[in-house]
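Report on one structure; see the data block that follows.
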């Protein structure tokens, strides 16, 4: 089945969700939104396959560390990008990437494209940085089945 990559943006702020949805959709991704952990869980339990999660740890109804641990256990092939104002990347070493909220989506879009292109998983050797080299955008038509999801 050919479809665009599906990204789930989870953020308490509806304006941030709408902004990221618009920016990521411009890159050709299908984008879903969740305002809290309840909506996040509902979407992940649905028949829709999610390829990548953009996760703000300042989320309602659950501690971010507990949520990330749950994601790791239940959805091991789900790629997770921590998108936060936090400065310390060591806060969540289990995620594939951490991108600071800066008001510009450029770094986030770069990391998302690289993760999806490379098909990283929880077992990847390390977290990506926006300064790492990159070989181009994701392959069109690839879906979550291509990387175990």
Handout entry: Matching option when the condition is over 27 Å from residue 13 (Cβ atoms), at pLDDT 80 or above, part of a loop (DSSP other than H, G, I, E, B) and under 15 Å from the mean Cα position of the chain (by Cα), among 76, 57
Key = 76
Practice task
Kindly establish whether residue 91 is modelled with pLDDT under 85 and over 13 Å from the mean Cα position of the chain (by Cα).
Solution key: yes
Completion exercise
Those residues of region 17-49 that are within 14 Å of residue 106 (Cα to Cα) and part of a helix (DSSP H, G or I) come to a total of 8
Practice task
Give me a count of the residues in region 14-42 that are touching a residue at least 24 places away in the same chain (Cβ under 8 Å), within 22 Å of residue 65 (Cα to Cα) and surrounded by fewer than 14 Cβ atoms within 10 Å (Cβ to Cβ).
Solution key: 0
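The values are calculated or read from the model by the stated rules, or taken from the named source; none is laboratory data. Not measured: the values here are computed from a predicted model. Please note: Cβ atoms are built from the backbone with ideal geometry, for glycine as well, and neighbour counts cover all protein chains shown.
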